[in-house]
Each structure stands twice: as C-alpha cells, then as structure tokens.
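The values are calculated or read from the model by the stated rules, or taken from the named source; none is laboratory data. Treat the numbers as computed from the prediction; the structure is a model and nothing was measured. Cβ atoms come from the backbone with ideal geometry, glycine included; neighbour counts cover every protein chain shown.
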Amino acid sequence: MDQKEVSGISFQIDFSQPLYEQILNQIRSAIVRGEIGLGEKIPSVRELARGLHINPNTVMRAYQELERDGLTEKRRGQGTFVTSSSKRVEAFRMEVAKEQIHTFIEQMKNLGLTWENVRAYIDQLLDDDKGGENP
Amino acid sequence: MTDWAVKGEALFKSYGDNKALSGLDLAIPKNKIVGILGPNGCGKSTLFRMMTGLVKPDSGTIEVLGKTPGWRTNREIAYLPDRARWYPNHSVRQAFQWAESFFPGFEIESAVKLARYMDIDLHLTVKGMSRGQEARLMLILCIARRVPLIVLDEPFSGIDVISREHIIDGIIDFIGEREQTILISTHEIHEIEGMFEYVLLMDKGKALWSGDIEELRAQHGSLHTVFRSFYKRSVITNGS
C-alpha cells in the first residue's frame with residue numbers, strides 16, 4: 001500500500017485493487033468529508049497522474065465520473081474545481097449513505113434477520129462501545 | 001483488422017533446441033500502454049524482434065499495424081532494444097540532431113522537452129554519462145518520435161529508482177497528446193505498474209494471460225501476487 005500526497009489530498013493506492021475506483025472513491029470521500037473545500041481547485045489529471053505514477057487515462061476516467069456525480073466542474077482553461085454547492089455535496093453524501101444502507105439491509109435479510117433483530121443488535125453494540133469509553 | 005497494434009497467431013520460433021516461442025497468441029489493442037511481462041527467457045525479446053522483422057517465425061502469423069513486419073512497418077515503430085547504447089562522442093544535442101536526420105517522425109522539440117522532464121543536460125557527452133543517464137537518452141530518442149508504435153525492451157534494467165521515476169514522468173507528460181501504442185517489457189514492475197492499461201503475461205514462449213489490467217487486478221490482485229501464483233502454477237503444470 002502506497003501513501004502519497006498530491007496537492008494536499010492524500011491517497012492510499014493499493015495495486016491489488018482496480019486503480020480507477022480507488023482514485024474515484026478517495027476524491028469523493030475527501031470532498032464529502034470537507035478535506036477539499038467547496039469551490040476549491042483539484043489537481044489536474046496530469047499532476048495527479050505524475051504524483052501517483054498512474055496512467056493519465058485512468059485518472060481521467062475517475063475525473064469524468066466525479067463530474068457526472070456533480071461533485072466537480074471543469075472551467076475552461078482554468079482546471080477542475082469542486083462544486084460550490086453544499087447542497088450538491090450533501091445530496092451526494094445521502095445517495096451514497098442510502099445505497100450502503102440498502103446493501104446492508106439486503107445482507108441482513110439474507111442472514112434471515114428481521115429489522116427488529118438488527119436494531120436490537122446495533123443498540124447493544126453502541127451501548128457496549130459507550131461502556132468501553134466510560135467504564 | 002487494423003484495430004490491433006500487434007496481432008499474432010500460433011507463433012513458433014526455435015533456435016536449435018531452444019524454443020523461444022511455442023504457440024504464442026496475442027492481440028494487443030491500439031493506443032494503450034501495454035506491459036509485456038514475464039521472467040527472463042519467456043520469449044519477450046524474440047517477440048519484439050519478430051515485430052520489427054529481425055526474426056521470422058518458424059510458423060504462425062504476425063501482423064504489426066495490420067501489416068506483415070518489414071521495412072515499411074519499421075518506419076512506424078520506434079524500437080528500444082535491450083541494453084541499447086549510443087555513440088560515445090556525441091553530446092545529447094548532437095544525438096538529437098543525428099536522430100532528426102535519420103529517424104522517421106523524430107521531433108527535436110519533443111526530445112528537448114523530454115530531456116528537461118527527465119533531467120538530462122543537452123551538453124552532456126554520452127561517454128561521460130552514468131548507465132541511468134544513457135538509458136534515459138536512449139528512451140528519449142525513442143519516445144520523441146511521432147510514430148504509432150513504440151516498443152521498449154527492458155527500459156529500466158540497471159536504472160536507479162530516481163531515473164525510473166523521471167522516465168515515468170516523461171512518459172506521463174507525453175501520452176494523451178498523441179495516439180500511440182507503447183509496449184514495455186520489464187521485470188521491474190514496481191514503479192511502472194500503475195501506468196499499464198493492458199498486460200500480456202508470458203511464460204515459456206506462450207501467453208499465460210492477457211487483457212485489461214484493471215480486470216486482472218479485480219480478479220487476481222496485484223501484479224506481484226499474479227506473478228507468484230501464475231508462474232508457480234505454470235512450473236507445476238509443466239513439471240508434471
């Protein structure tokens with residue numbers, strides 16, 4: 001696992017997993033977590049490719065997907081910028097959260113658990129966690 | 001079909017008892033950076049020599065850019081042979097001028113730009129160069145050519161990590177600006193593996209696996225893991 005920083009964004013690239021998804025997901029999280037601020041410029045395809053030693057075409061594919069997400073926008077002659085709309089980022093965060101919750105629910109169903117079982121289990125885990133922090 | 005940069009079917013080539021290629025099939029797509037990977041003696045260099053018409057297959061067919069290899073196709077290929085050297089008395093600038101008059105498609109402005117990326121002084125003389133500097137010069141002489149196919153045989157052998165990184169930076173700055181297929185054979189994959197888009201894994205003169213490298217990663221993990229598992233398996237199957 002390689003940890004690298006390019007223009008203030010840190011990346012952890014694992015060459016045993018598809019690279020396109022890693023770049024995409026790591027920039028998505030950096031935006032959603034606010035590590036790259038609204039309206040901020042992100043590195044150019046070439047800068048990121050050089051910084052990570054990854055094929056520029058792979059980086060470009062990830063950038064195109066970010067644009068489709070509505071998280072970034074290209075400005076002619078100036079580069080790529082994070083959207084300045086906090087609404088858009090929030091909407092994206094919810095989309096991802098919903099998607100993951102759906103997957104989670106599906107998996108729990110496949111295990112034969114009811115929502116009550118799952119909720120009781122989550123509550124118990126949260127209680128245990130609190131107990132660990134304040135004995 | 002001209003959708004392929006290189007297409008070969010059932011290629012065989014022996015040197016005496018030594019089988020260099022034994023039934024190699026390949027179909028390399030155009031305009032990608034392609035890794036041709038495998039242990040020493042797997043047939044990579046023989047394949048490259050065949051693509052440039054330097055050796056003929058004993059049987060099977062090979063097409064480069066849709067044509068049989070020969071002097072016509074060689075005008076469209078920039079080939080960096082393994083352990084290539086240059087005239088010791090030339091300076092970098094003289095080497096570029098020489099290349100401009102003899103190499104089809106050589107662009108001196110691109111060469112000068114690449115030399116800057118790769119940290120090579122134009123006044124440096126070849127005989128005063130380190131192994132890594134000369135290797136970088138040889139590489140510049142190849143990739144500064146506007147030709148559809150670039151073939152680099154072990155461009156990193158004997159080159160230190162810093163030089164390798166300079167080389168990769170130079171390649172990154174170049175691709176995307178033109179339509180080119182770049183074939184790179186290497187057994188030192190560490191710095192370069194993120195650059196490949198397509199790989200052909202070879203062993204004992206045959207293809208073990210070929211395809212999109214992202215698919216390879218999704219199915220089998222890193223190239224290191226792939227190397228270990230694929231080649232161990234092929235040793236076992238061949239030994240039994």
Unmet criterion (only one of (1) within 14 Å of another protein chain (Cβ to nearest Cβ); (2) not in a helix (DSSP H, G or I)) for residue A:35: (1)
Looking only at segment A:22-38, and only at residues there that are of a type outside the set (A, V, I, L, M, F, W, C) and in contact (Cβ under 8 Å) with a residue 40 or more places away in the chain, the one that is surrounded by the most Cβ atoms within 10 Å (Cβ to Cβ): A:28
Members of segment B:189-229 that are farther than 26 Å from residue B:159 by Cα, within 14 Å of chain A (Cβ to nearest Cβ) and not in a strand (DSSP E or B): B:214, B:215, B:216, B:217, B:218, B:219, B:220, B:221, B:229
Close pairs (9 angstrom Cβ cut-off, 6 or more residues apart or separate chains): closer than 11 Å to residue B:35 by Cβ in segment B:211-223, at pLDDT below 85 and part of a helix (DSSP H, G or I) anywhere: B:213/B:223; B:216/B:223; B:216/B:226
Which numbered condition residue B:215 misses (of (1) over 13 Å from the mean Cα position of the chain (by Cα); (2) buried (at least 21 other Cβ atoms within 10 Å of the Cβ)): (2)
Every residue from segment A:38-53 that is within 14 Å of chain B (Cβ to nearest Cβ), closer than 21 Å to residue A:74 by Cβ and in a loop (DSSP other than H, G, I, E, B): A:43, A:44
Some residue of segment A:39-57 being at pLDDT 90 or above, surrounded by fewer than 13 Cβ atoms within 10 Å (Cβ to Cβ) and farther than 30 Å from residue A:18 by Cα: no
Check on residue B:158, at pLDDT below 90, within 30 Å of residue B:120 (Cβ to Cβ) and either within 14 Å of chain A (Cβ to nearest Cβ) or assigned to a helix (DSSP H, G or I) (or both): no
Boolean, residue B:143 is among the aliphatic types (A, V, I, L, M), modelled with pLDDT under 90 and in contact with a strand residue (DSSP E or B) (Cβ under 7 Å, 6 or more places away or on another chain): yes
Strands (runs of 3 or more DSSP E) wholly inside segment B:14-67 that include at least 3 residues being touching a residue at least 24 places away in the same chain (Cβ under 8 Å), surrounded by 18 or more Cβ atoms within 10 Å (Cβ to Cβ) and of a type in the set (A, V, I, L, M): B:18-29, B:33-37
Check on residue A:16, surrounded by fewer than 17 Cβ atoms within 10 Å (Cβ to Cβ), within 23 Å of residue B:34 (Cα to Cα) and either away from every other protein chain (no Cβ under 14 Å) or touching a Ser or Thr at 6+ places or on another chain (Cβ under 7 Å) (or both): yes
Residue count, segment B:174-188 (criterion: surrounded by fewer than 19 Cβ atoms within 10 Å (Cβ to Cβ) and either more than 24 Å from residue B:3 (Cβ to Cβ) or more than 9 Å from every other protein chain (Cβ to nearest Cβ) (or both)): 5
Those residues of segment A:92-121 which are surrounded by 13 or more Cβ atoms within 10 Å (Cβ to Cβ) and under 20 Å from residue A:62 (Cα atoms), in sequence order: A:92, A:93, A:96
Cβ pairs under 6 Å, 6+ apart, first in segment A:59-84 and assigned by TED's automatic domain parsing to the domain that holds residue A:23 and of a type in the set (Gly, Ala, Ser), second in a helix (DSSP H, G or I) and surrounded by 16 or more Cβ atoms within 10 Å (Cβ to Cβ): A:62/A:20; A:62/A:23; A:62/A:24; A:70/A:88
